[in-house]
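Undergrad: Provided herewith is a single structure, encoded as C-alpha cells, for subsequent inquiry.
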Amino acid sequence: MIAAPPSRRARLALALITALAVPAAVAAPAAADPVRSPAGTGPLTPAFDAAAARYDVPRDLLVALGYAETRLDMHAGAPSASGGYGLMHLASNPQVRTLDEAAARTGLPAAALRTEPAANVLGAAAVLRAYADQTGLTPAARDDLGRWYGAVARYGGAREPSAARLYADSVYDLLRTGFASDQGETVTGRAVTPQRGALERASSPGDMGTLSTDYPPAAWAPASTSNYTVASRPSSHRVNYVVIHMTQGSYAGSISWFQNPASQVSAHYTFRSSDGAVTQSVREKDIAWHAGNWTYNTQSIGIEHEGYVDNPAWFTDAMYRASAALTRSLTTKYGIPRDRSHIIGHVEVPGATHTDPGPNWNWTYYMQLVNGVTGIGSGTVNTSSANLNVRSGPGTGYAIVGSVAAGATVSVYCQAAGTTVTGPSGTSNVWNRIGTNRWVADVYVNTGHSGYIPGVPRC
Ligand SMILES: [Zn+2]
C-alpha cells in the first residue's frame, strides 16, 4: 500500500495524541521503599484523565475495564488471541469491531489506536460513550457507574448473554473491590450496583447456569459447534496428554471467543487468574482445537490460563493450584503419567507456532502441585527493622515490590533456592514465595522449620 500524505483530520489527530502523550517512565524511587506510586499517579494517569474528561466516561470505569482486559499492559501493540489491541483491548475480528469504531469516532489512525496508550484509552472511551448514548444514558446519569453496565457488556462483544454478563461483571467486581496495578494506577473500592437490564436474567457467572458434568468445580459455557470435533473419547482416541496454554486474552473474552464460530479455536477448560475459577467449553469426550496439531488435539485435553505470556502479574498461586487440581484429576481419570512428557506446554507440541505458556510459567511449582505436594506454609516475619523488603524474585538482585511488617504472618505457597542471605535465623539460600511475584528470604521468617518446609512445593 502506498502511504498517502496525512489528511488535515489525521494531522489534528496526531496533534491530539502528542498533547496526550504519556510521559516517559517515572524515575524509580529510592530502593529502600516500596516502588508503588501514590494513589492515582501512575504513568497512565494523564491518558485516563484526558479520555474521561473528553468523552464524559467515569475515569475509574475506564481503568477497571483496562485492568480486567490486560492488567493495563500495551503488549507493545501485539494483538491478543482474539485480535484485541492495547491496554483497552480495542478489537478487530469478524464479530467485534471496536477498533474500527474507535477510529471512526476519534478520527485517530488505527495504528495509533493500536500502539499509543493515550490514543488506545481515548478510543475505548469514545466507543463506551457511544454505546451508553445508544442505551439512552442521559448526561445527568453519566456519573452513575452502575448505569454503564450495558455499554461495558456490549464493548466486550460476547455473543451469548451469560458470557456478556461474565465480562461486564468482571469489570464491576474490580470497581467494588478496588485494585492497584503494577504501574501504580489505583481504583478505590466502593459500593456500586450494576444496572444489568436484560442481562440480569442471564445465568450468573458463578455457575453460568449449568455446571460441568465432567469436572464438578467448573462452570459450563459451551463453545460454538464450529470450533471443535465431536468424538467419543477415550474409546475413539486415547487421552495421552494435557496441554497447558495461556489465553493471550481475558477469561471472559476467551470463553466468548470459543463461542464465536469465526474463531475456529477452543479449549476444554479455561482458568481465571484472580481466583482460579474455571469454565469448561468443550466436553472431554470431544476434541478441542487448541494445539495446532491434529494428532495432539485428538489425544489431549487443552487447558487455558487467563493472561499473557509476557506479563508475570497474571501467574497467580490461585490459578496454579486450581489448574493443578484439574490436571491431577485428569491424569487419574485417563491414566496419564504425571510427568513433563505427558503434561506439556503448547510450545512443546510438534510444529507449534505459539510460545505459551512461556518463561513466566513455573513448571517446577506446577508439577509439584500435580503430584500432590500442595501444602501452604505460614510464618511470622522476624526482623529488627520495622519492615522486611518483599522482592519480585528469589534473590537480593530482584526489584523491591513492597514490604511486610515485623511480626506479620505470611503464607508460603512455595520455596526456592535463591541468593544466600544472613538474617536472624542464620544463613540460607532459601526464599519463600508469599504471593504472586512476591518473595522474602526465609531467614527472616519463623516457619517452625529450618529452610524447606515439609509438604510445601518447590517453585
Ligand atoms: Zn496455546
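Undergrad: Please pick out the residue among Ser226, Ser232, Ser170 that is assigned to a helix (DSSP H, G or I), small (Gly, Ala, Ser), in the same structural domain as Thr270 (by TED's automatic domain parsing) and out of contact with any Gly (no Cβ under 7 Å at 6 or more places or on another chain).
TA: Values: Ser232 fails: assigned to a helix (DSSP H, G or I); Ser170 fails: in the same structural domain as Thr270 (by TED's automatic domain parsing).
Being assigned to a helix (DSSP H, G or I), small (Gly, Ala, Ser), in the same structural domain as Thr270 (by TED's automatic domain parsing) and out of contact with any Gly (no Cβ under 7 Å at 6 or more places or on another chain) holds for just one of Ser226, Ser232, Ser170, which is Ser226.
Undergrad: In the list Gly184, Gly189, which residue meets the criterion of being surrounded by fewer than 22 Cβ atoms within 10 Å (Cβ to Cβ) and more than 14 Å from Leu61 (Cα to Cα)? Show your work before the answer.
TA: Values: Gly189 fails: more than 14 Å from Leu61 (Cα to Cα).
The conditions single out Gly184.
Undergrad: Could you check Gly197 against (1) small (Gly, Ala, Ser); (2) at pLDDT below 95; (3) in the same structural domain as Asp275 (by TED's automatic domain parsing) and say which number it fails?
TA: (3)
Undergrad: On to the next question. Determine whether Asn437 is outside the structural domain of Tyr320 (by TED's automatic domain parsing), touching a residue at least 40 places away in the same chain (Cβ under 8 Å), touching a Ser or Thr at 6+ places or on another chain (Cβ under 8 Å) and at positive phi. Don't jump to the end; show me each part of the working.
TA: Values: outside the structural domain of Tyr320 (by TED's automatic domain parsing): yes; touching a residue at least 40 places away in the same chain (Cβ under 8 Å): yes; touching a Ser or Thr at 6+ places or on another chain (Cβ under 8 Å): yes; at positive phi: yes.
Yes: the conditions hold for Asn437.
Undergrad: Taking Pro79, is it under 26 Å from Tyr131 (Cα atoms), modelled with pLDDT of 50 or more and over 20 Å from the mean Cα position of the chain (by Cα)?
TA: Spelling it out, it is not the case that Pro79 is under 26 Å from Tyr131 (Cα atoms), modelled with pLDDT of 50 or more and over 20 Å from the mean Cα position of the chain (by Cα).
Undergrad: Could you please let me know if Asn389 is over 29 Å from Glu69 (Cβ atoms) and among the polar types (S, T, N, Q)?
TA: yes
Undergrad: If you don't mind, another one. If you go through region 348-391, how many residues are within 13 Å of the ligand (Cβ to nearest atom), buried (at least 17 other Cβ atoms within 10 Å of the Cβ), at pLDDT 95 or above and of a type outside the set (Phe, Trp, Tyr)?
TA: Counting residues in region 348-391 that are within 13 Å of the ligand (Cβ to nearest atom), buried (at least 17 other Cβ atoms within 10 Å of the Cβ), at pLDDT 95 or above and of a type outside the set (Phe, Trp, Tyr) gives 4.
A quick yes/no check of all residues on (1) under 28 Å from His290 (Cβ atoms); (2) in contact (Cβ under 8 Å) with a residue 40 or more places away in the chain; (3) in the same structural domain as Ala53 (by TED's automatic domain parsing):
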| position | (1), (2), (3) |
| --- | --- |
| Gly84 | yes, yes, yes |
| Pro94 | yes, yes, yes |
| Arg105 | no, no, yes |
| Arg114 | yes, no, yes |
| Val127 | no, no, yes |
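Undergrad: Answer with yes or no whether Val390 is assigned to a loop (DSSP other than H, G, I, E, B) and either in contact (Cβ under 8 Å) with a residue 24 or more places away in the chain or not small (Gly, Ala, Ser) (or both).
TA: no
Undergrad: Give me a count of the residues in region 408-434 that are of a type in the set (Ser, Thr, Tyr), touching a Gly at 6+ places or on another chain (Cβ under 8 Å) and free of Cβ contacts under 8 Å to residues at least 40 places away in the same chain.
TA: Adding up the residues that qualify gives 4.
Undergrad: Which of the residues that make up region 269-297 are more than 16 Å from the ligand (Cβ to nearest atom), more than 21 Å from Ala322 (Cα to Cα) and crowded, with 24+ Cβ neighbours inside 10 Å?
TA: Answer for region 269-297, where residues must be more than 16 Å from the ligand (Cβ to nearest atom), more than 21 Å from Ala322 (Cα to Cα) and crowded, with 24+ Cβ neighbours inside 10 Å: there is none.
Undergrad: I've got another one for you. So, in region 125-174, how many residues would count as being under 22 Å from the mean Cα position of the chain (by Cα), modelled with pLDDT of 95 or more and among the hydroxyl-bearing types (Ser, Thr, Tyr)?
TA: Here the count works out to 5.
Undergrad: Here are some residues: Ala202, Ala223, Ala191, Ala198. Which one is within 16 Å of the ligand (Cβ to nearest atom) and not β-branched (Val, Ile, Thr)?
TA: Ala223
Undergrad: Does Val242 satisfy the condition of being outside the structural domain of Gly156 (by TED's automatic domain parsing), modelled with pLDDT of 95 or more and either assigned to a loop (DSSP other than H, G, I, E, B) or away from the ligand (no atom under 16 Å from the Cβ) (or both)?
TA: Here the answer is no, as Val242 does not meet what is asked.
Undergrad: I'd like the residue in region 299-347 that is part of a loop (DSSP other than H, G, I, E, B) and surrounded by 20 or more Cβ atoms within 10 Å (Cβ to Cβ) and, out of all such residues, is nearest to the ligand (Cβ to nearest atom).
TA: Val309
Undergrad: Please work out if Arg154 is touching a helix residue (DSSP H, G or I) at 6+ places or on another chain (Cβ under 7 Å), touching a residue at least 24 places away in the same chain (Cβ under 8 Å) and of a type in the set (D, E, K, R).
TA: The answer is no for Arg154.
Undergrad: What are the residue pairs meeting all of these: first residue in region 271-285, first residue among the acidic types (Asp, Glu), second residue surrounded by fewer than 24 Cβ atoms within 10 Å (Cβ to Cβ), Cβ atoms under 6 Å, and 6 or more apart or on different chains?
TA: The qualifying pairs are Asp275/Ala318; Glu284/Asp214.
Undergrad: Let me ask you something else. Would you kindly identify the strands (runs of 3 or more DSSP E) lying entirely within region 394-442 that contain at least 2 residues that are within 26 Å of the chain's Cα centre (by Cα) and within 20 Å of Thr374 (Cβ to Cβ)?
TA: Numbers: elements: 400-405, 409-412, 414-423, 426-435, 438-441.
The qualifying strands (runs of 3 or more DSSP E) are 409-412, 414-423, 426-435, 438-441.
The values are calculated or read from the model by the stated rules, or taken from the named source; none is laboratory data. Keep in mind that what you see is a predicted model, and the values were worked out from it rather than measured. Neighbour counts run over all protein chains shown; Cβ positions are idealised from the backbone, glycine included.
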